[in-house]
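See structure below.
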Amino acid sequence: MSENLKKNDSAVVRSGLLHFSFPLSTLTAPISKTPNPSPFSFSLSLSSTSTMNCSISGEVPEEPVVSKNSGLLFEKRLIERHILDYGKCPITGEPLTVDDIVPIKTGKIVKPRPVQAASIPGMLGMFQNEWDGLMLSNFALEQQLHTARQELSHALYQHDAACRVIARLKKERDEARSLLAQAERQFPVSAPNAVTANVPVLSNGKRAAEDDELAPGAKKIHPGISSSIISELTDCNAALSQQRKKRQIPATLAPVEALEAYTQISSHPLHKTNKQGITCLDILYSKDLIATGGIDTNAVIFDRPSGQILSTLSGHSKKVTSIKFVAQGESFLTGSADKTVRLWQISDDGNYNCKHILKDHTAEVQAVTVHATNNYFVTASLDGSWSFYELSSGTCLTQVFEPSGSSEGYTSAAFHPDGLILGTGTTESLVKIWDVKSQANVARFDGHVGPVTAISFSENGYFLATAAHDGVKLWDLRKLKNFRNFSPYDPETPTNSVEFDHSGSYLAVAGSDIRIYQVANVKSEWNCIKTFPDLSGTGKATCVKFGPDSKYIAVGSMDRNLRVFGMLGDDAPEES
């Protein structure tokens, strides 16, 4: 290296560990200890045993670079990061840029093994240290697992204790509610309170405005049934009585032979699966619509010919116990175990909206029945009262209570076809007949066992059918006496529903099955012409209703399905 290097050639400096290659444009003089005035000059003296370390880390660099200005050696990544952060040399403090460092070519560096790995005892010591560390780590993990198991066990114990406390509190709450309801029925307070109008709602009953709360035991003041309303009821009674004298059984009525051939023609799952059970139903003959109420708190409007659900209405907080269409289906009523009655009205878009929420009862509403004028309706409740309402305004005109000290509640109610008589069934196995004009109890029938679950007047106005735990009783309203009894089921099976057809020719009974009787007179036998099994598998048919001209029979049970029995091929809809 004692000769001058020519321009544009390259220079290679080699030592035992490093070799450097530089362009000749940077070297203009022989390498020596004398400073060179050229742009890049330095002096280098290496022996075969010397090493060069990074000026920052003190380690042998993997990618060595050298500064043009100071001639110091650096690790590339370290000096680039320092230049990026500070812009100067970390040793001399002079300004330094990335362009001022030159990479150096080196041979592959093999790092020597650590001293511990240079002998068998050293390697055994390394392995022993690693094993000790692994055992300590495993011990710590076992301690953490034990702590987690203890915390989980404690949490599960607390959860179980909380569940037991909640169950006990719920039981105590239900018992207190039952005692309170019983006390309210036994000790009614006659102190009146101000009238509170039912506030109309604009939605599907979910956000309806509520009445002001009354003080416990207080009653509302009601305007009563006016003379003009009594005149309207009397005129309706006279007109209907006159028509009944000329009434003939329609030629389109299904004959006995047809009913004997009836079978299930469709089944429709109308209600939710998590709370199964259809508790009530009604049929709008003019449009062949079926309305059902369920334990799932919903009311469903179903178009039987098409097999489609027209509307599902929610708003009640407990099961729907009674449902009735009004007039041509522009309105319908629902009673519920949540102590309220809701009046639904159809809107321009075909949906039903909740128009009124009626809160005059203090216990479950068990029955709703509509007067023949379609202007008034009655509700009956377990609080021992029945209420007479004006349909258009939702105003309670009068509320009739049981005498003080009576624990009776009403379980069923129905208007006589003429509209001046109201029949009610009670929890004490009594059937009471009321004069609507005077709200006086004009007759009572006893003899049933258990609550009277259903009541139905025949179209001819002479017969009354009532159902209870012991079966069905038929009453002659002209002589006010019982003339026939049906006990279709065993003593442990109650009769849940009884219904005359619209012509008064057939009687349907529902319990563990559905039975159809042919209506006769007082002295003749009422024959059972057809028995339908309860296909729900629950053994409990809850409601039954004849379709127009008895062309089909709709049945609700303690599952979610509405079942229709009729003649196969008679425009039966497909099953949903």
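The values are calculated or read from the model by the stated rules, or taken from the named source; none is laboratory data. Because the structure is a prediction, the values reported are computed rather than measured. All Cβ positions, even for glycine, are placed from backbone atoms using ideal geometry, and neighbour counts span all protein chains on display. All accessible areas refer to the heavy atoms of the entire protein, side chains included, with ligands and DNA or RNA removed. Shrake-Rupley method; radii C 1.70, N 1.55, O 1.52, S 1.80 Å.
The requirement of being in contact (Cβ under 8 Å) with a residue 24 or more places away in the chain, farther than 25 Å from P417 by Cα and surrounded by 23 or more Cβ atoms within 10 Å (Cβ to Cβ) is fulfilled nowhere in the stretch 365-374; no residue meets it.
Is there a residue being at pLDDT 90 or above and within 28 Å of S387 (Cβ to Cβ) anywhere in the stretch 180-199?
Step one: of the stretch 180-199, the residues at pLDDT 90 or above are none.
Within the stretch 180-199, none of the residues are at pLDDT 90 or above and within 28 Å of S387 (Cβ to Cβ).
Based on this model, can you work out whether N298 counts as free of Cβ contacts under 8 Å to residues at least 60 places away in the same chain and over 21 Å from N353 (Cβ atoms)? Explain how you work it out, then say what you get.
Details: free of Cβ contacts under 8 Å to residues at least 60 places away in the same chain: yes; over 21 Å from N353 (Cβ atoms): no.
No; evaluated as a whole, the condition is false for this residue.
Annotation note: of H356, H316, the sole residue that is over 25 Å from R560 (Cα atoms), open to solvent by less than 20 Å² (accessible area, probe 1.4 Å) and either in contact with an Asp or Glu (Cβ under 7 Å, 6 or more places away or on another chain) or touching a residue at least 24 places away in the same chain (Cβ under 8 Å) (or both) is H356. Checked against (1) within 23 Å of S497 (Cβ to Cβ); (2) not in a loop (DSSP other than H, G, I, E, B), C396 passes all but a single condition, namely (1). State yes or no: is T279 in contact with a strand residue (DSSP E or B) (Cβ under 7 Å, 6 or more places away or on another chain), within 30 Å of L180 (Cα to Cα), free of Cβ contacts under 8 Å to residues at least 60 places away in the same chain and surrounded by 19 or more Cβ atoms within 10 Å (Cβ to Cβ)? Considered against the rule, which asks whether it is in contact with a strand residue (DSSP E or B) (Cβ under 7 Å, 6 or more places away or on another chain), within 30 Å of L180 (Cα to Cα), free of Cβ contacts under 8 Å to residues at least 60 places away in the same chain and surrounded by 19 or more Cβ atoms within 10 Å (Cβ to Cβ), T279 comes out as no.
Checking each residue in the stretch 327-344 for being under 15 Å from G294 (Cα atoms) and among the acidic types (D, E) picks out only D338.
Quick one: which strands (runs of 3 or more DSSP E) sit completely within the stretch 14-100 and have at least 3 residues that are modelled with pLDDT of 90 or more?
Details: elements: 19-23, 64-67, 73-75.
In the stretch 14-100, 64-67, 73-75 are the strands (runs of 3 or more DSSP E) which contain 3 or more residues that are modelled with pLDDT of 90 or more.
Can you give me the number of residues within the stretch 329-344 that are within 24 Å of S412 (Cα to Cα) and open to solvent by 30 Å² or more (accessible area, probe 1.4 Å)?
Residues that pass the stated criteria total 1.
For the stretch 527-559, filtered to residues that are farther than 20 Å from F486 by Cα and open to solvent by 30 Å² or more (accessible area, probe 1.4 Å), the residue that is farthest from the chain's Cα centre (by Cα) is D549. Scan the stretch 393-439 for residues that are under 30 Å from R247 (Cα atoms), of a type in the set (S, T, N, Q) and surrounded by fewer than 23 Cβ atoms within 10 Å (Cβ to Cβ) and the total you get is 2. Return yes or no: is L464 surrounded by 23 or more Cβ atoms within 10 Å (Cβ to Cβ), more than 40 Å from the chain's Cα centre (by Cα) and touching a residue at least 24 places away in the same chain (Cβ under 8 Å)? Criteria met by L464.
May I ask you to verify whether G471 is open to solvent by less than 50 Å² (accessible area, probe 1.4 Å) and either of a type in the set (D, E, K, R) or modelled with pLDDT under 90 (or both)? Working first, answer last.
Details: open to solvent by less than 50 Å² (accessible area, probe 1.4 Å): yes; either of a type in the set (D, E, K, R) or modelled with pLDDT under 90 (or both): no.
For G471, the condition - open to solvent by less than 50 Å² (accessible area, probe 1.4 Å) and either of a type in the set (D, E, K, R) or modelled with pLDDT under 90 (or both) - is not met.
Among strands (runs of 3 or more DSSP E) entirely within the stretch 426-535, having at least 2 residues that are closer than 25 Å to S406 by Cβ singles out 431-435, 440-445, 454-457, 463-468, 471-476, 481-486. Restricting attention to the stretch 284-294 and to residues that are open to solvent by 10 Å² or more (accessible area, probe 1.4 Å) and touching a residue at least 60 places away in the same chain (Cβ under 8 Å), the residue that is farthest from F500 (Cα to Cα) turns out to be D288. Within the stretch 253-263, the set of residues being open to solvent by 50 Å² or more (accessible area, probe 1.4 Å) and in contact (Cβ under 8 Å) with a residue 40 or more places away in the chain comprises E260, A261, T263.
Y506 - would you say it is aromatic (F, W, Y) and touching a helix residue (DSSP H, G or I) at 6+ places or on another chain (Cβ under 9 Å)? Yes: the conditions hold for Y506.
Taking the stated definitions as given, is E75 in contact with a Cys (Cβ under 8 Å, 6 or more places away or on another chain) and in contact (Cβ under 8 Å) with a residue 12 or more places away in the chain?
Numbers: in contact with a Cys (Cβ under 8 Å, 6 or more places away or on another chain): yes; in contact (Cβ under 8 Å) with a residue 12 or more places away in the chain: yes.
Answer is yes for this residue.
If the condition is being open to solvent by 20 Å² or more (accessible area, probe 1.4 Å) and out of contact with any Gly (no Cβ under 7 Å at 6 or more places or on another chain), then the stretch 485-503 contributes D490, P491, E492, E499, H502.
Residues that are modelled with pLDDT under 80, open to solvent by 50 Å² or more (accessible area, probe 1.4 Å) and either β-branched (V, I, T) or under 27 Å from T398 (Cβ atoms) (or both) within the stretch 220-252 comprise just one, I221. Could you grab the pairs with beta carbons closer than 9 Å, sequence gap of 6+ or different chains, first residue in the stretch 91-112 and under 17 Å from P64 (Cβ atoms), second one assigned to a helix (DSSP H, G or I) and modelled with pLDDT under 70? Correct list of pairs: V102/T26.
Anything in the stretch 372-387 that is part of a strand (DSSP E or B), touching a helix residue (DSSP H, G or I) at 6+ places or on another chain (Cβ under 9 Å) and closer than 23 Å to A337 by Cβ? List them, or say none.
Of all residues in the stretch 372-387, those part of a strand (DSSP E or B) come to 376-381, 385-387.
After this cut, where a residue has to be touching a helix residue (DSSP H, G or I) at 6+ places or on another chain (Cβ under 9 Å) as well, the list is 376.
Matches in the stretch 372-387: none.
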